[in-house]
Amino acid sequence: AQSVTQLDSQVPVFEEAPVELRCNYSSSVSVYLFWYVQYPNQGLQLLLKYLSGSTLVKGINGFEAEFNKSQTSFHLRKPSVHISDTAEYFCAVSGSGNAGNMLTFGGGTRLMVKP
Amino acid sequence: GAVVSQHPSRVICKSGTSVKIECRSLDFQATTMFWYRQFPKQSLMLMATSNEGSKATYEQGVEKDKFLINHASLTLSTLTVTSAHPEDSSFYICSARGGQGFQHFGPGTRLTVT
């Protein structure tokens, strides 16, 4: 079984400031890790994913995340946020042998970018 | 590529009626589709896994007779909420598994039962 914990339900930040959204997971097997963004009343858009290889993963819209196996974390970062980044962000995990199945989502973090 | 659509985007229905939501993979074939439910300010909860040509697999606690899933083709899965009640009001999101095995999400359907 897998679980995902997003430690912050809301993160307020000023425009052009850096931001980190935290994600920790637990799993008894090797995992794939994902970050999704959800704008109001819309579906999920994939920001980035970690499958293997380099632990630093770059995604769309200037986001990146670092996989830390020892700390079982996959925190999402952006060096300078924009108002348009205001959205809900979900971290998710799946077993590495089954990437398309059984995505387990964290509770979500609402990023609120203020002018 | 890997576009998934849902129809309708919003639907309002009266209590006791049934509502059908469609999920289509527009530019790829998907033998497996997934249906999620999302309550306000909450995360996505998997309801069921839909496999083309076979019965859906429901998660624990999801009533299969209430949430009917049909995956009749490689590009279409439907979720029918039967005898809907106000507590069924929610945001329903589907996803389709693409060629590399990853899920691609639809834009969601907002169901309101009055």
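The values are calculated or read from the model by the stated rules, or taken from the named source; none is laboratory data. This one's a predicted model, so the numbers in the text were calculated from it and none came from an experiment. When we count neighbours, we look across all protein chains shown, and the Cβ atoms used for this are built from the backbone with ideal geometry, even at glycine. Ligands, DNA and RNA are excluded from the accessible area calculation, which covers all protein heavy atoms including side chains. Shrake-Rupley method; radii C 1.70, N 1.55, O 1.52, S 1.80 Å.
What is the Cα radius of gyration of region A:42-85 over 2.2 N^0.38 Å, N being its residue count?
1.25
Could you tell me the relative contact order of chain B? Use alpha-carbon pairs under 8 Å, at least six residues apart, and round to a whole percent.
Relative contact order of chain B: 37 percent.
Explain nothing, just compute: Karplus ³J(HN,Hα) = 6.51 cos²θ - 1.76 cosθ + 1.60, θ = phi - 60°, for every residue of region A:24-30 in order, whole Hz, x for Gly and Pro.
10, 9, 9, 7, 8, 10, 5
Going by accessible area, probe 1.4 Å, with all protein chains left in place, what is the ranking of A:H82, B:H7, B:H85, largest first?
The ordering from most to least exposed comes out as B:H7, A:H82, B:H85.
What percent of all Cα-Cα pairs in chain B falls into each 10 Å bin, going from 0 up to the bin containing the maximum distance?
The calculated distribution, bin by bin, is 16, 50, 30, 4, 0.
What is region A:1-75's relative contact order, in percent, from Cα pairs under 8 angstrom and six or more apart in sequence?
Reported relative contact order: 26 percent.
Which is the longest run of chain B containing none of the trypsin sites (Lys or Arg not before Pro) found in DSSP loop states (not H, G, I, E, B) with at most 15 other C-beta atoms within 10 Å?
B:67-114
In whole Hz, what ³J(HN,Hα) sequence does region B:42-57 give by Karplus (6.51, -1.76, 1.60; θ = phi - 60°), x for Gly and Pro?
These are the phi-based 3J(HN,Hα) values: 10, 7, 7, 10, 5, 8, 6, 10, 10, 10, 4, x, 9, 6, 6, 9 Hz.
Once you measure Cβ to Cβ distances between cysteines in the protein assembly as shown, which Cys have no partner under 4.7 Å?
B:C13
Please give me, ordered by residue number, the chymotrypsin sites (Phe, Trp or Tyr not before Pro) of region A:29-115 that lie in loop per DSSP and have at most 15 other Cβ atoms within 10 Å.
In loop regions of region A:29-115 (DSSP not H, G, I, E or B), there are no sparsely surrounded chymotrypsin sites (Phe, Trp or Tyr not before Pro).
Tell me the label-point distance for the pair A:R77, B:E63, using the 7 Å Cα-to-Cβ offset, in nm and rounded to one decimal.
In this crude label model, A:R77 to B:E63 measures out at 4.9 nm.
How many Å² of accessible area per residue for region B:37-114, probe 1.4 Å?
47 Å²
For region A:9-115, just run the numbers: alpha carbon Rg, then divide by 2.2 N^0.38 Å, N being how many residues it has.
Output field value: 1.04.
Would you mind giving the total buried accessible surface between chains A and B, with a 1.4 Å probe and ligands, DNA and RNA left out, rounded to the nearest 100 Å²?
1500 Å²
Express in Å², to the nearest 10, the accessible area of A:T72 obtained by rolling a 1.4 Å probe over the protein heavy atoms while all chains stay in place.
50 Å²
For B:M47, what accessible surface area do you get with a 1.4 Å probe? Give it in Å², rounded to 10.
Spelled out: B:M47, probe radius 1.4 Å, area about 10 Å².
Mind checking the dipole of the protein assembly as shown: about its Cα centre, +1 per Lys or Arg Cβ, -1 per Asp or Glu Cβ, Debye to the nearest 20?
Magnitude of the dipole: close to 200 debye.
For chain A, what is the charge dipole size about the Cα centre, in debye to the nearest 20, if Lys and Arg each add +1 at the Cβ and Asp and Glu each add -1 at the Cβ?
Computed about the Cα centre, the dipole is about 200 debye.
With a point put 7 Å past each Cα toward its Cβ, work out how far B:Q42 is from B:K55 in nm, to one decimal.
In this crude label model, B:Q42 to B:K55 measures out at 2.6 nm.
Considering only protein heavy atoms, what per residue accessible area in square angstrom results for chain A with a 1.4 angstrom probe?
On a per-residue basis, chain A sits at 47 Å².
Got a number for carbon plus sulfur as a percent of the protein assembly as shown's accessible area, 1.4 Å probe?
Ligands and nucleic acids excluded, carbon and sulfur reach 51 percent.
Can you give the accessible area of B:I69 in Å² (nearest 10), computed on protein heavy atoms with a 1.4 Å probe?
Per-residue accessible area (B:I69): approximately 30 Å².
Please name whichever of A:N68, A:T109, A:S84 sits farthest to the positive end of the charge dipole of chain A, dipole taken about the Cα centre and charges placed at Cβ: Lys and Arg +1, Asp and Glu -1.
Highest projection toward the positive end goes to A:N68.
Using a/c under 1.5 as the rounded threshold, could you call the protein assembly as shown rounded, prolate or oblate? The axes a ≥ b ≥ c are square roots of the C-alpha gyration tensor eigenvalues, and prolate needs a/b larger than b/c, oblate otherwise.
Since a/c reaches 1.5 and a/b is larger than b/c, the shape of the protein assembly as shown is classed as prolate.
Which residue, B:G16, A:G53, A:W35, has the largest displacement toward the positive end of the dipole of the protein assembly as shown when charges sit on each Cβ (Lys, Arg +1; Asp, Glu -1)?
B:G16
Using 18 Å as the Cα-Cα cut-off, could you pick out the over-long pairs in B:K14/B:K66; B:K41/B:K66; B:K41/B:K64; A:K49/A:K78; B:K20/B:K41; A:K78/A:K114?
Check vs 18 Å cut-off fails for B:K41/B:K66; B:K41/B:K64; B:K20/B:K41.
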